[in-house]
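Here's the structure we're looking at; comments come further down.
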Amino acid sequence: CGVQVKDRGFPRIYDNQIHHNKGNANLESHSRGRPKVSRNKIFSSQKNGVLVHKKGRGVFKNNAISESTLAGLEIATEGLPTMHNNDINSGATAGIFAHDRARGRLSALKIEGNATCGIIVASDAWTKFGACQVYMNAKQGVMVMAKGNGYFSGCEVRGNGREGMYCCSGTGPIFTANEVTENALSGIMVGQPRKPENVGPEEAQRRAQEA
């Protein structure tokens with residue numbers, strides 16, 4: 001990794017360029033790590049741009065996360081980030097992938113131009129998204145996969161290559177006060193079947209790419 005924070009570490013990480021690093025992510029927080037991360041350019045990761053998992057935390061503000069090989073932001077296994085006013089764009093898969101009991105509060109994010117979905121929520125994730133802009137992603141703006149949940153409030157989902165919001169069977173997201181417009185297919189599609197198989201995060205992102 002470019003930066004790995006764990007074991008309750010709480011560094012302040014400001015005004016850096018973090019890029020072209022091997023490992024799970026350019027920046028990783030786990031085991032109750034809680035960095036404060038602001039005004040960084042995080043790009044060209046070998047896997048994820050930012051990974052928050054295994055009860056990792058952190059506050060992320062005003063960062064640009066781009067050109068990730070996997071998700072720009074992955075949240076998993078009770079990761080609990082707080083993110084505000086970050087730009088997540090131009091990734092090779094999804095902008096954000098939240099799964100396996102992911103939590104977190106994500107607000108005022110700009111998620112655009114990713115090669116699959118803007119946001120994927122799966123497998124008991126209950127991440128909260130507020131006032132996010134989800135624009136011009138190649139497939140769905142938001143995909144809620146089998147057993148996924150999530151809370152979406154005041155988001156603008158516009159101009160995506162397939163549905164604005166696509167919810168598989170057996171999902172329970174909450175949508176309130178969003179604007180979903182100018183997407184290539186349905187604004188919101190609910191109840192499409194997809195088997196709730198247990199697969200790894202890389203396989204889940206691959207399947208989303210094929211959807």
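The values are calculated or read from the model by the stated rules, or taken from the named source; none is laboratory data. If you're wondering where the values come from, they're calculated on a predicted model, not measured in any experiment. Cβ sites come from the backbone with ideal geometry, for glycine too, and all protein chains shown count toward neighbours. With ligands, DNA and RNA removed, areas are computed over all heavy atoms of the protein, side chains included. Shrake-Rupley method; radii C 1.70, N 1.55, O 1.52, S 1.80 Å.
Residues that are closer than 19 Å to N62 by Cα and among the acidic types (D, E) within the stretch 96-112 comprise just one, E112.
Test A98 against the criterion of being modelled with pLDDT of 95 or more, of a type in the set (G, A, S), under 15 Å from A125 (Cα atoms) and under 11 Å from the mean Cα position of the chain (by Cα), and give yes or no. Yes.
Inspect all residues belonging to the stretch 121-130 and state whether any of them is part of a loop (DSSP other than H, G, I, E, B), open to solvent by 10 Å² or more (accessible area, probe 1.4 Å) and under 27 Å from K41 (Cβ atoms). No.
For the stretch 1-12, a residue qualifies if it is farther than 19 Å from K47 by Cβ and β-branched (V, I, T), but none of them does.
Within the stretch 177-202, residues that are open to solvent by 90 Å² or more (accessible area, probe 1.4 Å) have Cβ atoms under 6 Å from residues that are modelled with pLDDT under 95 and part of a loop (DSSP other than H, G, I, E, B) in these pairs: P193/S169, counting only partners at least 6 apart in sequence or on another chain. Given the structure, is A102 open to solvent by less than 10 Å² (accessible area, probe 1.4 Å) and at negative phi? Judged against the criteria, A102 is a match.
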